[in-house]
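Before any comments, here is the structure.
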Amino acid sequence: SKVAVVAIDGPSGVGKGTLSQFLTCKSGFHLLDSGAIYRALAFGAIHNQIDLENHAALVELALRLPVSFMEGSVIYEGKDVTSKIRTEETAAVASKVAAIPEVRTALLDRQKAFSQAPGLIADGRDMGTIVFPDASLKLFLTASAEVRALRRVKQLKKQGIDANIEKITQDIRERDERDANRKTAPLVAAEDAITIDTSNMNIEQVCQSALTLMRERG
Ligand code: C5P
């Protein structure tokens, strides 16, 4: 039988991660953090000093990507890399490898395999458009780059990391630009997605409106 999939797409810093975790807790569904897969690939590429022009080597790594997810932790070759893959450096490389069509294709089956009973909350950029086009509910979250940068700075401060707001805003703009303009799976809302502009909402409001939509769609 068909497994219920909730696709949650949008740019970085829009609250997808928090919303996905919230919906996962509420529903008991599985969680796919597809960004973490691209970040793990980026981490592996950096670690193995793979030239980003060497698409064959990146595809080879993507197909056997030694990453697993355990209770919110990301494990790469047996090591906990949860915080290592969250750096701006890894994010920048992730968005570069994610622009390579063969790499995206190589990661498709890996992502589809997360769709298992009782259901899946899928967090990413192309969940509703490419990976799960038949998703039962598709949400597309947006917010201005400034609002997202501010949220990111707050998040980093909580982790004791000093951050420069101008630099982060710039990084977010560049990454948005690359994600939106790439030829394969650009960041766009699916035709049947519901867009939630979170610029003037707090995360509790975002979570509650998404939960209401999810319960309506049952
Ligand atoms: O969501 P997160 O910031 O962890 O994703 C890191 C990068 O991975 C994004 O900037 C994007 O380039 C890429 N990505 C993607 N498709 C996805 C998830 C992430 O291209 N479904």
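Dipole check for the chain: with +1 at the C-beta of Lys and Arg, -1 at the C-beta of Asp and Glu, and the Cα centre as origin, the magnitude is about 380 Debye. Taking the average, over residues, of other Cβ atoms within 10 Å as the packing measure, peptides 9-21, 40-52 rank 9-21, 40-52 from highest down.
Could you tell me which of the pairs K84/K112; K158/K183; K26/K96; K84/K167; K112/K157; K2/K84 are separated by over 30 angstrom between their Cα atoms in the structure shown? K158/K183; K26/K96; K112/K157; K2/K84, as the Cα separations exceed 30 Å there. If R0 equals 35 Å, the separation of the Cβ atoms of D51 and I165 corresponds to a calculated FRET efficiency of about 0.60.
Scanning the chain for DSSP H helices at least 15 Å long along the axis (C-alpha atoms) with a Kyte-Doolittle mean no lower than -0.5 picks out 16-27, 34-47, 203-217.
The charge dipole of region 14-132, taken about the Cα centre with unit charges on the Cβ atoms of Lys, Arg (+1) and Asp, Glu (-1), comes to about 300 debye, rounded to the nearest 20.
Both radii were evaluated on the Cα set of the chain; the Rg over Rh quotient, with Rh as the Kirkwood radius, amounts to 0.94. Structural size metrics of region 77-135, computed from C-alpha coordinates, are Rg and Dmax of 13.4, 36 Å. Listed by chain and number, the aspartates and glutamates whose C-alpha is less than 19 Å from the C-alpha of K154, apart from same-chain residues fewer than 8 away, are E88, E89, E146, D162, E166, D171, E204. Based on the reciprocal of the average 1/r between different C-alpha atoms, the Kirkwood radius for region 80-206 equals 16.3 Å.
Shown for K84, K79: other C-beta atoms within 10 Å of each C-beta, ranked fewest to most, produce the order K79, K84. Spherically averaged projected area of the convex hull of Cα atoms, region 1-105: 7.5 nm². Under the simplified labelling scheme, the S68-A180 pair shows an inter-label distance of 4.0 nm, with each label point 7 Å from Cα along Cα→Cβ.
Here region 127-218 is assigned +1 on the Cβ of each Lys and Arg and -1 on the Cβ of each Asp and Glu. Its dipole about the Cα centre then comes out at about 300 debye. A Förster radius of 30 Å combined with the Cβ-Cβ distance from L211 to E146 puts the calculated FRET efficiency at roughly 0.65.
Cβ-Cβ distance of I203 and L108, R₀ of 25 Å, FRET efficiency by 1/(1 + (r/R0)^6): the value works out to about 0.25. Between region 10-88 and region 173-207, how far is it from one alpha carbon centroid to the other, in angstrom? Cα centroid to Cα centroid, the span is 19 Å. Of the peptides 138-146, 168-176, the order by per-residue mean of other Cβ atoms within 10 Å, starting with the highest, comes out as 138-146, 168-176. Given just the C-alpha atoms of region 110-172, how large is their convex hull per residue in cubic angstrom? Given the Cα convex hull of region 110-172, per-residue volume reads 132 Å³.
Each reported figure results from applying straightforward, stated rules to the coordinates on display, with no laboratory input. Computed from a predicted model, the values in this text were never measured in an experiment. Note: ideal-geometry Cβ built from the backbone for every residue, glycine included; neighbour counts use all protein chains shown.
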